[in-house]
Amino acid sequence: MKPFAPSQGRRARQGLARVFALPLVLFAASLAGLVLGLTGEGAPDVLAWALLSLPVFAVCVAWRRRGRSPSPKKDPT
């Protein structure tokens with residue numbers, strides 16, 4: 001039995017700050033959008049919509065990237 005060896009295409013281990021950077025930015029944008037949407041009228045409402053659409057946009061980008069990734073090759077044996 002072969003020992004587990006990570007594929008060469010995998011990224012090196014990432015630091016905690018790098019892993020959670022984007023989720024924290026999306027959280028802050030969502031929180032700011034919710035506060036602006038509840039407290040503002042006019043231009044703050046438009047900004048709230050833009051901030052609240054960022055997580056949806058990020059999910060769409062992630063799904064699109066995931067769909068483009070090559071499928072793993074199957075071993076013929």
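What are the pairs, 6+ residues apart or on separate chains, where a residue within segment 39-67 that is closer than 16 Å to Ala28 by Cα and in contact (Cβ under 8 Å) with a residue 40 or more places away in the chain has its Cβ under 7 Å from a residue that is surrounded by 11 or more Cβ atoms within 10 Å (Cβ to Cβ) and polar (S, T, N, Q)? Qualifying pairs under 7 Å: none. Among the residues of segment 26-61, those that are out of contact with any Asp or Glu (no Cβ under 9 Å at 6 or more places or on another chain) and of a type in the set (Gly, Ala, Ser) comprise Ala28, Ala29, Ser30, Ala32, Gly33, Gly40, Gly42, Ala43, Ala48, Ala50, Ser53, Ala58.
Rule-based calculations on the coordinates, nothing more; no lab input. All figures in this text were calculated on a predicted structure; none of them were measured in a lab. Please note: Cβ atoms are built from the backbone with ideal geometry, for glycine as well, and neighbour counts cover all protein chains shown.
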